[in-house]
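Everything on this sheet refers to the single structure shown next.
Every number in this text was worked out from the coordinates using simple rules, so none of it is lab data. Quantities reported herein were computed from a predicted structural model and do not represent experimental measurements. Virtual Cβ from ideal backbone geometry, glycine too; neighbours counted across all protein chains shown.
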Amino acid sequence: MALAAVAGFVFAVAAVPPASRGATTERIVVDRHTGLAIGGYDPVAFYTDGKPLLGSADFEFSYGGAVWRFRNMGNREAFAARPDIYMPQFGGYDPVGIAHGIAVAGNPGVWLIIGERLFLFYDRSRLETFTANTERITAAAERKWPQVLRRLSP
């Protein structure tokens with residue numbers, strides 16, 4: 001049974017196109033081919049538009065060792081003024097994975113804003129796990145985050 005679960009996980013990860021996989025050695029989920037944080041999605045748009053929207057190369061901002069893209073200058077300026085507010089929690093890593101001490105890149109297409117913080121999830125199942133016990137998982141992830149960070153590159 002456990003072997004089947006591991007094989008299923010490996011297959012699911014392998015099925016994700018390489019260009020969309022975030023590196024899991026960085027403190028922020030970054031596309032290893034482009035250097036873009038969270039796949040080039042505008043982190044401010046999750047708040048202002050209520051959905052993930054790709055940013056533009058015309059509105060980029062370097063922060064935390066990554067290049068962030070935005071849909072417009074206003075979103076870029078809002079992020080530059082308060083990256084701590086707009087940047088995804090746990091650098092864009094899945095909070096369920098972080099709660100277990102594992103850095104698993106979140107998917108910008110599977111997200112949730114709770115307590116004015118953006119969370120990205122590996123898949124829908126992890127989002128559902130999180131929403132079933134948000135406080136417990138968030139608390140566990142916050143406890144584990146410092147040790148996960150120590151294993152990630154600066």
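Structure notes:
- Integer Hz, Karplus 6.51/-1.76/1.60 couplings in order for segment 95-108, x for Gly and Pro: x, 5, x, 4, 4, 9, x, 10, 8, 10, 4, x, 10, x
- Ranking of His33, His100 by count of other Cβ atoms within 10 Å, fewest first: His33, His100
- In plain terms, the residue of Phe46, Phe119 with the fewest other Cβ atoms within 10 Å comes first and the most crowded comes last, giving Phe46, Phe119.
- Residue-span extension gain [Asp58 to Leu112] - 0.36 nm each, minus C-alpha spacing: 16.8 nm
- Charged neighbours of Ile114, selected by a Cβ distance under 15 Å, balance to -2 (K, R count +1; D, E count -1).
- Under 5 Å, built H, 5+ apart or other chain: amide partners of Leu118: Gln89
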